[in-house]
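Only one structure is covered here, and it is reproduced in the block below.
A short reminder: the numbers here are calculations on the coordinates, not readings from a lab. Keep in mind it's a predicted model, so treat the numbers as computed, not measured. Glycine gets a Cβ as well: all are built from the backbone with ideal geometry, and neighbour counts include every protein chain shown.
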Amino acid sequence: MKYFFISVLLILVFSCELEGVKKTSDIENGVGNQTADTLLTSAAEDLKLKKSFRDSVENILSQKEVEMEKVLENGIKINWFKKGEGKLIEKFDVLKIDYRVKLEDGTVYDGNHLINKKSIAFPVGWNLQTEGWEIAMRELRVGDEVKVFLPSIYARGKKGIPGIVPPNANNVLELRILELMAPTKVVDGTKVYVVEQSKKHTKTLTQNSKLALDYFVSSESKPRFDNSYQRGKSFELTLGDGNIVPGLYKSLIGLKEMDKAYIHIPSNEAYGKKGLKPNVKPNEDLLYDVILSQVY
């Protein structure tokens with residue numbers, strides 16, 4: 001459980017499992033009712049899946065020789081096992097990645113395999129992981145397969161993560177950059193990336209829909225400065241009532257119940273020249289990480 005919990009915190013909510021989110025109506029209708037045998041089988045398959053994801057990354061890297069090494073002035077070291085032929089990664093790119101983070105003794109404490117995913121979407125430039133991630137990303141291309149040594153100051157620093165990462169521990173990031181994701185749609189400069197969809201839910205948001213929304217929101221300078229999870233309940237709103245920034249309102253229209261999306265809102269569709277003290281500086285863009293929990 002500690003691995004699942006820490007992965008949720010480290011990946012931003014993008015580690016939330018849509019299929020694992022069940023509404024009261026689902027439970028009342030018997031959705032999710034499982035026998036003991038089914039639960040045991042599911043648990044066994046879960047462990048097998050995690051192991052296969054873990055082993056796949058280990059095998060990919062262990063079977064290849066280092067093609068190139070680069071040591072940055074700050075002590076971050078990058079070993080390339082494969083040099084990609086895609087574009088250089090830029091600020092605000094959204095990537096599909098396969099990764100794991102471990103301590104120098106080999107202990108893995110974060111990675112998409114820990115949440116049963118072959119890959120995840122990762123928005124660059126929002127400081128959603130450690131500073132070392134952002135620095136290393138600017139050295140990489142789409143298609144790269146790398147091992148990155150992160151000195152503790154660029155990892156979890158003096159605090160570490162209690163019970164998971166010791167204070168002042170160096171980290172090793174093993175990373176495959178699989179794909180540069182294209183926006184699902186662009187509305188007046190706002191880019192929407194739908195990264196997960198429910199096969200069971202079909203309700204679509206219209207201009208005046210009522211909905212419950214779970215979210216994290218980040219500015220360029222303040223990652224995750226607000227979220228619905230700390231309040232313990234979804235944010236309920238009616239589209240068109242003026243309670244959200246224009247870019248978010250426009251981007252939500254057309255999305256479906258239980259969609260999970262990253263929404264990059266340019267400053268002119270957010271808080272503009274004034275900003276929003278203390279979390280949004282003047283002319284800063286916003287990133288919303290949203291799940292449409294329910295459409296009424």
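With Cβ to Cβ distances under 10 Å as the rule, what net charge do the other residues near Pro246 carry (K, R +1; D, E -1)? Please list the in-between numbers first.
Details: positive: Lys250; negative: Asp188, Glu269.
That works out to -1.
For Glu236 and Val71, compute 0.36 nm times the residue count separating them, minus their Cα-Cα distance, and round to one decimal in nm.
Working: separation 165, 0.36 × 165 = 59.40 nm, distance 4.83 nm.
So the chain would gain 54.6 nm between Glu236 and Val71.
Between the stretch 181-211 and the stretch 214-263, how far is it from one alpha carbon centroid to the other, in angstrom?
Using only Cα atoms to place each centre, the spacing works out to 12 Å.
Hey, any idea what Rg/Rh is for the stretch 185-295, computing Rh the Kirkwood way over Cα pairs?
Details: Rg = 13.3 Å, Rh = 14.0 Å.
Reported Rg/Rh (Cα atoms, Kirkwood Rh): 0.95.
Where a Cα-Cα gap under 19 Å defines reach, which lysines qualify for Lys77, not counting those fewer than 8 residues away within the same chain?
Lys64, Lys102, Lys147
Report, by chain and number, residues whose modeled amide H sits under 5 Å from the one on Val142, excluding near sequence neighbours (fewer than 5 apart, same chain).
Gly86, Lys87, Ile89
Through the Karplus equation 6.51 cos²θ - 1.76 cosθ + 1.60, θ set to phi - 60°, convert the phi angles of the stretch 153-160 into ³J(HN,Hα) values in whole Hz; use x for Gly and Pro.
Ordered by residue, 3J(HN,Hα) equals 5, 9, 10, 9, x, 5, 7, x Hz.
Convert each backbone phi in the stretch 196-209 into a coupling constant with the Karplus relation 6.51 cos²θ - 1.76 cosθ + 1.60 (shift: θ = phi - 60°), then list the ³J(HN,Hα) values in order as whole Hz, x for Gly and Pro.
Each residue of the stretch 196-209 in turn: 8, 9, 8, 7, 8, 10, 10, 5, 10, 6, 10, 4, 10, 5 Hz.
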